[in-house]
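Asker: Would you mind keeping the following structure in view while I ask a few things?
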Amino acid sequence: MTTIRLVDIRKIGLGVPEPSRDDLLNVGRDIVDSFSSTGFAYLSNHGISQQLQDYTFTVAKGFFDLDTEQKLAYERFVRTGYTGYTPIAGDNSTNATDSAAGVTDLKECFDLRCLEDACPDDVAPQLGPQLRRIGTACRQLSERLLAALDAALGSGQLLTSCHRRQLQPGGWTVLRLLHYPAAGGAAAGRCQTRCGAHTDFSTLTLLFQHGVGGLQVEMSDGRWISAEPIPGTILVNIGDVIEVMTSGRLRATNHRVLLPTSEPARGTARQSMAFFVQPDQGTTVAPLDGDPRYQPIDFNSFIQDKFASVYPTYKESDWKC
Ligand SMILES: O=C(O)CCC(=O)C(=O)O
Ligand SMILES: [Fe+2]
């Protein structure tokens, strides 16, 4: 049976001041090995402290527990730009893949695009500072992972050099808090799933799951396997960018979070956090080997088309950070 591998990244984790080239290559190979079977890997000994993660989920919960009107004052693409709050049914993942368009996600989110962006300080004073703290750690870790992948894929400094603006003006990387409310009784309304099946539009995604599982990953034979949270690990997956770069040798894998059908799981809320590592503005992504089956992607247009397909409220205005 295929399972998602666990990769010990201690030698390139944030506990090490500067990883050696050999360690980047060796850990990169282990990660690529895991990606080639499932598109995912659990990373242990990454160096992002449990306390930092736990407190972020506590602060996030405080924000999501606010009144809807207070959260809607920061509605993404309506009251704010790329940093902001997405209400339930405001972003439907499945629409990006066309496979089941019209399916509505029972989730709400808060995204941070640039560290200096305004956050809801009046109603959630801890949210901005905490997102900046964990966002900075995620950026540092992703820089290590990109360097390891560059070494393992033989791409020189290609990945490293097109992700220099993470959470800064000119970058597309984003940190997203997700909250899937309890779905007991009528709460689910017209929502049919927690997060519809999709691939990520990212290069890589770092996913933090807060205790409650439900994430599933599609294998190449069409079976879905569970990606339950493993304490102390971060789950990382490939997005569309790496699939194009490697001409499909590494595939961006479909994944989803279903609404549980039975109690008490249905009545239990779920929280997660995703750090979507995405190329800087102005990047064109092309297959490393020039494979003509994969057309180069202008990432600015690519991501805006994706936003337009998942966000009913998306407008192209002001995409510069
Ligand atoms: O909440 C999760 O575990 C998955 C979320 C996800 O896949 C996404 O937001 O792209
Ligand atoms: Fe995803």
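Asker: Considering 270, 256, 266, which residue is closer than 19 Å to residue 88 by Cβ, within 17 Å of the chain's Cα centre (by Cα) and open to solvent by 30 Å² or more (accessible area, probe 1.4 Å)?
Answerer: 256
Asker: In the list 247, 262, which residue meets the criterion of being free of Cβ contacts under 8 Å to residues at least 40 places away in the same chain, away from ligand 2 (no atom under 16 Å from the Cβ) and not acidic (Asp, Glu)?
Answerer: From the options 247, 262, the qualifying one is 262.
Asker: Follow-up. Within segment 212-222, track down each residue that is open to solvent by 30 Å² or more (accessible area, probe 1.4 Å) and either within 16 Å of ligand 2 (Cβ to nearest atom) or in contact (Cβ under 8 Å) with a residue 24 or more places away in the chain (or both).
Answerer: If the condition is that a residue be open to solvent by 30 Å² or more (accessible area, probe 1.4 Å) and either within 16 Å of ligand 2 (Cβ to nearest atom) or in contact (Cβ under 8 Å) with a residue 24 or more places away in the chain (or both), then 212, 216, 218, 220 are the ones that fit.
Asker: Out of the strands (runs of 3 or more DSSP E) lying entirely within segment 1-99, which hold 1 or more residues that are more than 27 Å from residue 129 (Cα to Cα)?
Answerer: 6-8, 40-44
Asker: Spot the failing condition for residue 164; the list is (1) more than 23 Å from residue 27 (Cα to Cα); (2) away from ligand 2 (no atom under 16 Å from the Cβ); (3) surrounded by fewer than 16 Cβ atoms within 10 Å (Cβ to Cβ); (4) modelled with pLDDT of 95 or more, and only one is missed.
Answerer: (1)
Asker: To continue, here is another question. Give me the strands (runs of 3 or more DSSP E) completely within segment 115-215, filtered to those with at least 1 residues that are within 16 Å of ligand 1 (Cβ to nearest atom) and among the hydroxyl-bearing types (Ser, Thr, Tyr), ordered by residue number.
Answerer: Where strands (runs of 3 or more DSSP E) fall fully within segment 115-215 and carry at least 1 residues being within 16 Å of ligand 1 (Cβ to nearest atom) and among the hydroxyl-bearing types (Ser, Thr, Tyr), they are 174-180, 204-209.
Asker: Right, another one. In segment 64-78, what count of residues is obtained for those that are within 21 Å of the chain's Cα centre (by Cα) and closer than 16 Å to residue 117 by Cα?
Answerer: Number satisfying all stated conditions: 4.
Asker: One residue is enough: does segment 181-197 have a residue meeting the conditions open to solvent by 10 Å² or more (accessible area, probe 1.4 Å), hydrophobic (A, V, I, L, M, F, W, C) and within 12 Å of the chain's Cα centre (by Cα)?
Answerer: Scanning segment 181-197, I find no residue that is open to solvent by 10 Å² or more (accessible area, probe 1.4 Å), hydrophobic (A, V, I, L, M, F, W, C) and within 12 Å of the chain's Cα centre (by Cα), so the answer is no.
The values are calculated or read from the model by the stated rules, or taken from the named source; none is laboratory data. Please read all numbers here as calculations on a predicted model, not as lab measurements. Don't worry about glycine lacking a Cβ; one is built from the backbone with ideal geometry, like all the others, and counts go over all protein chains shown. Ligands, DNA and RNA are excluded from the accessible area calculation, which covers all protein heavy atoms including side chains. Shrake-Rupley method; radii C 1.70, N 1.55, O 1.52, S 1.80 Å.
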